[in-house]
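The values are calculated or read from the model by the stated rules, or taken from the named source; none is laboratory data. Note that the structure is predicted; figures quoted are calculated from it, not measured. Note: ideal-geometry Cβ built from the backbone for every residue, glycine included; neighbour counts use all protein chains shown.
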Amino acid sequence: MEKILRKALEAAQKGQSYAFATIIESTLKGTPQKSGAKMVVLADGSLWGTVGGGRNEKAAKEECLKAIKTGKSAIVQYDFFGGKDKSVCGGQIKIFIEPFMGKKHFIICGAGHIALPLSVLGKILNYEVTIIDNRKEFANKRRFPHVDHIHLGAHATELAQMTIHQNTIIMIVTQGNEHDFECLKAVVRSKAGYLGVISSKAKRIKFLRRLKTEGIEDEFVKRVRMPAGIDIGAQTPEEIAVSIISEIISQNNKNFIGTGKFKERNKS
């Protein structure tokens, strides 16, 4: 149990998502594991602990990975009765699948007029916020006292050195198109959960053409939000930041859209 909890703690400290699978009910003496048996599954599929082994444990692992993607808990039941492809132990188990979503890491490439309200909104949402810029008059604690990390240096170089995973949000909003493209090229194949670029329609066409020339596969290009943000007719830097954050929230919570109070309100 100690090793399982240690692995979960390590994942949490790295901002990674994981899920516990815990047996909450077992029947018959033949069940391989008893109530309370637990395993932890990380987002990359690695696991520690056991809930019985075999096909049912494999199925429980898949349920954990599903829960990590959706953020939803579940209770699943597996039978241990004889028959083709089934265990001969005899019995049933119910397993509680409980996901824990890692803290979001919001990397903002650029420290200009849009980055400032973006970083404030990121902290309101309890994201870990990092600012990258090559201008010391912008990338400093006086301008961004609220953020967690500030990297002063070449945008793409600093970005390429960072650990990027599914809980990483990357917004590219530098002071120049060439900086923007170099940042995009550095992370377009990454596992970032969100990758956005501040862009006009003309810039989007140009960047897509350049990515194709660079040999970037379509599966990665399609993930890029460009222009980033939801169309709310934003005009000011603050409104543009709200537009971008709204899209990020929408993507993070896509499995919950159409549920809850908003759904009920729309019915009335």
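Among all residues of the stretch 146-160, there is none that is within 17 Å of the chain's Cα centre (by Cα) and under 18 Å from residue 237 (Cβ atoms). In the stretch 101-127, which residues are among the charged types (D, E, K, R) and assigned to a helix (DSSP H, G or I)? Matches in the stretch 101-127: 123 only. Selection of first residues in the stretch 151-175 that are under 13 Å from residue 185 (Cβ atoms) and of second residues that are in a loop (DSSP other than H, G, I, E, B) and among the hydroxyl-bearing types (Ser, Thr, Tyr), restricted to Cβ pairs under 7 Å at least 6 apart or on distinct chains, gives the following pairs, ordered by first then second residue: 155/174. Scanning the stretch 179-208 for residues that are more than 20 Å from residue 154 (Cα to Cα), within 20 Å of the chain's Cα centre (by Cα) and surrounded by fewer than 19 Cβ atoms within 10 Å (Cβ to Cβ) yields one hit, 191. Quick one: would you say residue 195 is at pLDDT 90 or above and assigned to a helix (DSSP H, G or I)? In short, no.
Does residue 142 satisfy being without any contact (Cβ under 8 Å) to a residue 24 or more places away in the chain, more than 22 Å from residue 208 (Cβ to Cβ) and more than 20 Å from the chain's Cα centre (by Cα)?
On the way: without any contact (Cβ under 8 Å) to a residue 24 or more places away in the chain: yes; more than 22 Å from residue 208 (Cβ to Cβ): yes; more than 20 Å from the chain's Cα centre (by Cα): yes.
Yes.
May I ask you to verify whether residue 176 is within 18 Å of residue 131 (Cα to Cα) and surrounded by fewer than 17 Cβ atoms within 10 Å (Cβ to Cβ)? Yes: the conditions hold for residue 176.
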